[in-house]
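Engineer: There's a structure below that I have some questions on.
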Amino acid sequence: MIETGYQQILKNGVWTQNTGLVALLGLCPLLATSNSVVNGLGLGLATTLVLLMCNVAISLIRPLVRPEVRIPVFVVVIACAVTAVELAMHAFLPGLYTVLGIFIPLIVTNCCVIGRAEAFAFKNGVAKSAVDGIATGLGFLLALVLLGAIREVLGQGTLFGQAELLFGEWGKSLTLHLIPDYRGFLLAILPPGAFIGLGCLIAVKNVIDARTQRSARLVLSTWQQKFNESSPPPPQST
Amino acid sequence: MKTILHSMGMAALILTGFSVVGAGLVAVTYTSTKDIIAEAQQAALEASLNQLVPANRYNNRVAEDTIEVVAPEWLGTDQPVTIYRARQNGQPVALFATPYAPDGYSGPIQLLIGVYVDGTLAGVRVLAHKETPGLGDTIEEKRSPWILAFAGKSLGNPPLDRWKVKKDGGIFDQFTGATITPRAVVKATRKFLEYVQSHQEQLFAGDILK
């Protein structure tokens, strides 16, 4: 395992290895609950919390766990964390709990949780694992919220609809009616809309990545040229 | 052999330890959130009941004044359905139940129906459904006022043979592109009214009905 800095961990989780847009893990909740910004945000926050709890717990118990039984131990830890988050949401955000329904307990099956436990938390210290959990969660949340925003605007002409489920009474004032008297665009709300939207998001991400790569190469080559001009013996490129 | 047994034992021990600790943590969370969850559920129930019957019309704790009934042919489910009774100073005012319309377009539709003691509907709301978004979901109150048309209706008003959607010769609107959903809701509401009419005394008494 290459030693990774905090900045690298954050960048990996949110962008380079984004769970929703690159690794394509957790597609089921991503596609099912991204029909509005608030739903996406709710599930994204719950997943982030679970990832943080699991990563911290697993990196803490590392010395106690033998490698042969690590997977069952991960499963126990993840199941406990998800159950605790589920109970807390049921108690404190009953409205959102009703909307997200089965997808809260199903965080258990989100591969990114056990994936981060195995690939990162079991090999790194508490602080780094915590940052990794938050970064991975934020990446998933970003995908959920972006997809939710696209589908909500196209499908219902609103943004932050039903925000009171997440933020209490004052959340009602957050709801933006972007298009008055919008009749709705069914495709965006139905599952096919989720697949099409996700496809577009991945395409946009790939375009951005290609651009930054090209400009990075450009910077590198100009820098190389300057270097060649200033120092007569050209450096051997390997 | 001994080392294998030893490592197996250690593994089992570790796993047992984590399971016990994990179960303990879940138990602690459960006990500390149990009352809050029950309270939130009761508040949600009362809020939805008060949409149908104003809170000042009754003064008992509706969530605790309940009976369970099993009546598949009337309530659309073979599971027990809870009937909530609203009373003012002990006198029956209204009752609520959450029966199902079993013949929705994509599965059963769970309704919340309130009926005053004189047999008129306090109102109908949709609690859960899987109808097509944009077509069948017009039965939701937040999408259309259609469901509000039930308030004040009773078995004699309209007469029994007009308790249908307009397409079938009744008085209730259907939606463009979705007739099955409103038809199912109208039918389930009528059935519930018939059930209440024929069982009124037992429903306000304390026994469990079969």
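Just so it is clear, none of the values below were taken in a lab; they were calculated from the coordinates. Predicted model only: the values in this text are computed from it and were never measured. Quick reminder, even Gly has a Cβ in these numbers, built from the backbone with ideal geometry, and neighbours come from all protein chains shown.
Engineer: Find, to one decimal place in angstroms, the Kirkwood hydrodynamic radius of the stretch B:14-104, where the mean of 1/r is taken over every pair of different Cα atoms and then inverted.
Structural biologist: 16.1 Å
Engineer: If one takes the longest principal axis of the Cα atoms in chain A, at what angle in degrees, from 0 to 90 and to the nearest 10, does the Cα axis of helix A:70-92 lie?
Structural biologist: Its long axis makes an angle of about 50 degrees.
Engineer: Mind listing P(r) for the stretch A:1-73? All alpha-carbon pairs, 10 Å bins, whole percents.
Structural biologist: 16, 36, 36, 11, 1
Engineer: Inverting the mean 1/r over all pairs of different Cα atoms, compute the Kirkwood radius of the protein assembly as shown and quote it in Å.
Structural biologist: After inverting the mean inverse Cα-Cα distance, the result is 25.9 Å.
Engineer: Still on this structure, please answer the following. Give or take rounding to whole Å, what are the principal axis extents of the alpha carbon atoms in the stretch B:1-52, in descending order?
Structural biologist: That gives 72, 17, 5 Å along the principal axes, largest extent first.
Engineer: Provide the per-residue ³J(HN,Hα) series for the stretch B:100-107, in order, calculated from phi with Karplus coefficients 6.51, -1.76, 1.60 and θ = phi - 60°, each as a whole number of Hz, with x at glycine and proline positions.
Structural biologist: 10, 8, x, 10, x, 5, 10, x
Engineer: Note down, for chain A, the three equivalent ellipsoid semi-axes (square root of 5 times each alpha carbon gyration tensor eigenvalue), biggest first, whole angstrom.
Structural biologist: 36, 29, 14
Engineer: In addition: Placing unit charges on C-beta atoms (Lys and Arg positive, Asp and Glu negative, everything else neutral), compute the dipole magnitude of the protein assembly as shown about its Cα centre in debye, rounded to 20.
Structural biologist: 1100 debye
Engineer: List A:S230, A:S129 from most exposed to least, where exposure is judged by having the fewest other Cβ atoms within 10 Å.
Structural biologist: Lowest count first: A:S230, A:S129.
Engineer: Can you pull the mean other chain C-beta count within 10 Å for peptide B:40-51?
Structural biologist: For this peptide, the per-residue mean of nearby foreign Cβ atoms is 1.
Engineer: Count the lysine pairs in chain B whose Cα atoms lie under 16 Å apart, taking only pairs 8 or more positions apart in sequence or on different chains.
Structural biologist: Within chain B, the lysine pair count is 9.
Engineer: From the alpha carbon gyration tensor of the stretch A:110-238, can you work out the equivalent ellipsoid semi-axes (sqrt of 5 times each eigenvalue) and give them in Å, largest to smallest?
Structural biologist: In descending order the semi-axes read 42, 24, 15 Å.
Engineer: Also, I was wondering about something else. DSSP loop (so not H, G, I, E, B), at most 16 other Cβ within 10 Å: list which trypsin sites (Lys or Arg not before Pro) in the stretch B:104-209 pass both filters.
Structural biologist: When the trypsin sites (Lys or Arg not before Pro) of the stretch B:104-209 are filtered for loop state and at most 16 Cβ neighbours within 10 Å, B:K130, B:K142, B:R143 remain.
Engineer: Also: Calculate how steeply helix B:180-204 sits against the longest principal axis of the alpha-carbon atoms of chain B, using the helix alpha-carbon long axis, and give the answer as 0 to 90 degrees to the nearest 10.
Structural biologist: Roughly 90 degrees, rounded to the nearest 10.
Engineer: Which angle between 0 and 90 degrees, to the nearest 10, do you get for helix A:37-61 versus the longest principal axis of chain A when only C-alpha atoms count?
Structural biologist: Relative to chain A, helix A:37-61 is tipped by roughly 60 degrees.
Engineer: Considering the dipole of chain A built from charges on the beta carbon (Lys and Arg +1, Asp and Glu -1) around the Cα centre, which of A:Y97, A:P67, A:T83 is farthest to its positive end?
Structural biologist: Going by the Cα projections, it comes out as A:P67.
Engineer: While we're looking at this one, here's another question. Residue by residue through the stretch A:177-184, what is 3J(HN,Hα) from phi via Karplus (6.51 cos²θ - 1.76 cosθ + 1.60, θ = phi - 60°)? Round to whole Hz and write x for glycine and proline.
Structural biologist: After applying 6.51 cos²θ - 1.76 cosθ + 1.60, I find 9, 6, 10, x, 6, 6, 7, x Hz.
Engineer: Restricting attention to the stretch B:3-64, which trypsin sites (Lys or Arg not before Pro) occupy a DSSP loop and are surrounded by at most 15 other Cβ atoms within 10 Å?
Structural biologist: Sites meeting the loop and neighbour criteria: B:R61.
Engineer: Can you give the relative contact order of chain A as a percent, counting alpha carbon pairs under 8 Å and 6+ residues apart?
Structural biologist: Relative contact order here is 30 percent.
Engineer: Taking θ as phi - 60°, what are the ³J(HN,Hα) couplings along the stretch B:21-37 by the Karplus curve (6.51, -1.76, 1.60), each to the nearest whole Hz, with x for Gly and Pro?
Structural biologist: 4, x, 4, x, 4, 5, 4, 4, 4, 4, 5, 7, 9, 4, 5, 5, 5
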